[in-house]
Structures are given as C-alpha cells and as structure tokens.
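Readers should treat all values here as calculations from the given coordinates under stated rules, not as data from a laboratory. Just so it is clear, the model here is predicted, and its values are computed rather than measured. Methodologically, a virtual Cβ is constructed for each residue, glycine included, from the backbone with ideal geometry; neighbour enumeration extends over all protein chains shown.
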There are 2 protein chains.
Amino acid sequence: MTSKRLTFVTGNANKLKETKYILSQGTPIEIDSQDLEIPELQGTTQEVALAKCRRAAELIGKACITEDTALCFKAFNGLPGPYIKHFMKNLGHEGLNNLLVGFPTTEAWALCTFAYCSGPGAEPILFEGRTDGSIVPARGPPTFGWDAVFQPEGFDKTYAEMTKEEKNDISHRFRALDKLRAYLATCDIADTY
Amino acid sequence: MTSKRLTFVTGNANKLKETKYILSQGTPIEIDSQDLEIPELQGTTQEVALAKCRRAAELIGKACITEDTALCFKAFNGLPGPYIKHFMKNLGHEGLNNLLVGFPTTEAWALCTFAYCSGPGAEPILFEGRTDGSIVPARGPPTFGWDAVFQPEGFDKTYAEMTKEEKNDISHRFRALDKLRAYLATCDIADTY
C-alpha cells in the first residue's frame, strides 16, 4: 500500500507531535519534518503564512506544509496575533494576563493557519482553524507556549489542563488540520511514493 | 557646486519632512523619496532594518536610505518595539496607555534606525538613535503616530507638544540622522551628481 508522505517545515517539537497525531487519525499520511530558518513577515496571519510556506517549498524543493499560530485578543482588535510568540517570550504567562488589566474584556481567539504548497513556485493554500476562549491566570503544565493561559469557551480547563484527546477535539490546530486532512485526501502529493 | 542626492524609500510624509529638515542642516544632501511596498520582517529592530534597506536598494537599483521606528516599553522588555505601528493602529493613544495599566512602570524608549545601502547587493549600515521617556495620556496634536503619548525624560512636554526645533534637538530620529549625516559627509554616494 502506498502512503502519502509530506514534509512539515517546523522547528517546534510540540507542534510536530500534535500534527502527526492529528493527521494520522484515519488517513495514511506520513509526516516528516525539517527545521529551517525562515524569516517571518509582519502582516496579517494570512500574509505571514503564505510567505513562509512559499519560501519553505523553494528551500526544500518539494511539497511541504507550514504552520503559524496567532493568539488574538478581542480588546486589541486581534493583536498580538502573529506576534504572540514575541510577547510570550518577553512577558510570560503572567505578563499576557497583565496586558489585559486595563481593558474591559479578556476574550481571545486562538488561530491556527496551516499552509500547503505543492512545490517551488506554486501558490500555497491556507487552512485556518479558530477556537474562541479567554485569557486566564496560568493553570496546568506551563510547557507548551501559552496553552496554560488560554481557556476555550464552554470549558473550565485551560488547554494545558486538558488531555491530548480533549484538546485535539476542539483546538484551533485540530480545526485547521481537519481541513488540511480533507484537502490532502483529494489530491496527489508530488512526493507520494 | 555638486550636491549629494540620496533616495529615502518611505511612504510616510511626516518622516520624510523631518528627515529632509534634519539632513539639510549644514550639509548639502538632497533627499528625494520613493514609496515602495516592502514587506517588513519580524525580528529585532536591526534585522527588520537591514532586510528592508537591502530590499529597497535592490528594487530601486541604487543607493538609498530607509527608516524604522520602534517604541519600546521597559515593562515589556522592549516590545511592542518594531510592531508599534500595528499596536498604534489597532489601539490608538488611549490603548497604548491601557496596555501598561497592569505593569509597574510606564518607562519607554523611542528607537530610530536609519539604514544606508550603497547599492544592490551591498550590506546596509545602520545608524541608531534612542530617546528615553515614558508613555503618558495623549497631549498635543494627535497627527504624527504616537508622538502625543511619548514624553521624553527631563521634559514636561510630549513630542507632539514640542516645536519642531525642540523635538529635533532631542528626538530619536534626530540622533540617528545625526550619525547618518556624519557618515554621509565622509563617503561618496554613487548617485552624486
């Protein structure tokens, strides 16, 4: 039996693990990974994702996927958005909460954008997944980015407090990957063997 | 008499006006401008500036200068930094103040980075100017970016309340341009005529 094989260009072990797990559910797609230094643009989440995936496909010379995560505060009209990793790094979990002290709402949404590019020179296709929630004081293991301060709407647990299965049922990453998985099932990947 | 002529790649009329004014003081450098759509990177202020100027010189095919402004909050370890324009756009003057409500200090510094690239393929040279101050409720004309909420250390006026001369004596942009001016006085610009 042939299985599809696709390269995920990422240096983030946690994202790779989640992606492999979600994409392995029900479809024979094997994911390998490559860690490349790709400069990220400023701009909308879509612009950031398109530029990164386009460049990744050029660099590895074949089809690939890339992922971008944004954490968007309602009070900030969507910021920090694609810049969340810089804020997480500089401010930590407590700082992310402190950012919102002067604003009337802690509502936020997590946005995952997977991009698929069929090869060098091709225009990437985007798959977005969004989960609404709010920013709360950190609870749960603090190891995966801002998971400990994001509580999805309708739940009393943060992402970090959820089991893998609970999180993957409703996460922004799952929702984006579910769309990517459906797309990949319909198309030939040049790298299939 | 020959005069040096240099292209400032910018779409910001206010920055162009300040730059022309400051560079015209005592040196025969004529500045023209060109407004190009150059994607900006995420990264340090230096990385952002180098990439933009390198690309600008490639696009116009000759020597040029570019400018990047960052507004750095001490409480955020330097952020929003190069992302300030997105925060200014989404949050406005009041929002920039509100960001700091949950933090112990409103101290900030304004950082201007001019980059000079002698032509396509050449590595740009950076000229940084920094002015320390703090974030305050807006005072003065609200027309030039975040000038109305930045009060330089040792002054009781915001940038926006200062006369052109007062601001240009101490501003981050003046300090960077002063270094650039000194450098340009020592070198041949390929575009001199």
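A few comments on the model shown:
- Test: residue in segment B:160-171 that is within 25 Å of B:ALA49 (Cα to Cα) and assigned to a loop (DSSP other than H, G, I, E, B): yes
- Counting residues in segment A:36-55 that are of a type in the set (Lys, Arg), touching a residue at least 40 places away in the same chain (Cβ under 8 Å) and buried (at least 21 other Cβ atoms within 10 Å of the Cβ) gives one or more.
- Across segment B:81-113, the qualifying residues are those that are out of contact with any strand residue (DSSP E or B) (no Cβ under 7 Å at 6 or more places or on another chain) and of a type in the set (A, V, I, L, M), and the one among them that is surrounded by the most Cβ atoms within 10 Å (Cβ to Cβ) is B:LEU99.
- Scanning segment B:117-155 for residues that are in contact with a His (Cβ under 8 Å, 6 or more places away or on another chain) and not aromatic (Phe, Trp, Tyr) yields B:GLY129, B:ARG130, B:THR131, B:PRO137, B:ALA138, B:PRO142, B:ALA148, B:VAL149.
This table checks each residue for (1) polar (S, T, N, Q); (2) without any contact (Cβ under 8 Å) to a residue 40 or more places away in the chain.
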residue	(1), (2)
B:PRO82	no, no
B:GLU94	no, no
B:ASN98	yes, yes
B:THR106	yes, yes
B:GLY119	no, no
B:GLU161	no, yes
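- Residue in segment B:114-155 that is surrounded by the most Cβ atoms within 10 Å (Cβ to Cβ), counting only those that are of a type in the set (Phe, Trp, Tyr) and assigned to a loop (DSSP other than H, G, I, E, B): B:TRP146
- Residues of segment A:39-73 that are in contact with a Phe, Trp or Tyr (Cβ under 6 Å, 6 or more places away or on another chain) and under 14 Å from A:THR10 (Cα atoms): A:ILE65, A:GLU67.
For (1) closer than 20 Å to A:ASN90 by Cβ; (2) of a type in the set (Asp, Glu); (3) within 13 Å of the chain's Cα centre (by Cα), each residue gets a yes or a no:
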{"position": "B:GLU58", "(1), (2), (3)": "no, yes, no"}
{"position": "B:ALA70", "(1), (2), (3)": "yes, no, yes"}
{"position": "B:GLY81", "(1), (2), (3)": "yes, no, yes"}
{"position": "B:HIS93", "(1), (2), (3)": "no, no, no"}
{"position": "B:LEU99", "(1), (2), (3)": "yes, no, no"}
{"position": "B:TRP109", "(1), (2), (3)": "yes, no, yes"}
{"position": "B:SER118", "(1), (2), (3)": "no, no, no"}
{"position": "B:THR143", "(1), (2), (3)": "no, no, no"}
{"position": "B:ASP147", "(1), (2), (3)": "no, yes, yes"}
